[in-house]
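To start, the structure under review is shown below, and the notes come after it.
The values are calculated or read from the model by the stated rules, or taken from the named source; none is laboratory data. Keep in mind that what you see is a predicted model, and the values were worked out from it rather than measured. For neighbour counting, all protein chains shown are included, and Cβ atoms are generated from backbone atoms with ideal geometry for every residue, glycine included. Each accessible area value is taken on the protein alone, full model and side chains, heavy atoms only, with ligands, DNA and RNA left out. Shrake-Rupley method; radii C 1.70, N 1.55, O 1.52, S 1.80 Å.
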Amino acid sequence: MKLKLATGIISLLTLTTSCTRSLDSNNATNVVTEGTWRITLFTDSGNDETSDFSGYGFSFNSSGVMTAISNGISKNGTWSTGSNKFNIDLGAKTDANKPLGELTDDWQIISISDIEINLTDDNIASTEFLTFKKN
């Protein structure tokens with residue numbers, strides 16, 4: 001089942017990247033800082049954990065501040081892009097900081113369009129995928 005899920009996700013991301021206009025890192029910053037984003041896909045080791053982020057909205061400030069908001073409660077972290085990387089730091093990956101700590105990572109950019117950001121863990125041994133979609 002995990003193999004089918006991972007294969008399906010890779011197929012979906014391949015289709016998505018072939019149908020979206022990719023942006024370089026400079027333009028990515030301009031796109032990402034406009035509007036509010038939500039997570040439409042988060043998988044970790046083949047497990048779909050997208051529902052952990054239900055109700056969260058994310059905004060990316062041009063100064064590198066990232067804000068996650070859910071039920072009127074906000075948490076700030078940092079973000080940056082460069083060299084085909086999308087770096088997120090929302091705190092430690094601990095049980096006390098779940099689910100936001102799970103996003104803390106150096107992500108590899110698969111594609112960035114005006115409405116969607118597709119990322120994978122930069123560690124090729126990992127099978128984490130993350131997709132933000134603009135609200």
Label model pair residue 74, residue 45: point-to-point distance (7 angstrom along the Cα→beta-carbon line) in nm is 3.5 nm
Rounded to whole angstrom, the alpha-carbon centroid of the stretch 25-77 lies from that of the stretch 95-121 at a distance of 8 Å
Probe 1.4 Å, heavy atoms of protein chains only: per residue, the accessible area of the stretch 25-135 in Å² is 47 Å²
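Please tell me the relative contact order of the stretch 46-97 in percent, rounded to the nearest whole number, where contacts are Cα pairs under 8 Å and at least six residues apart.
Averaging sequence separation for qualifying contacts and normalising by length gives 20 percent for the stretch 46-97.
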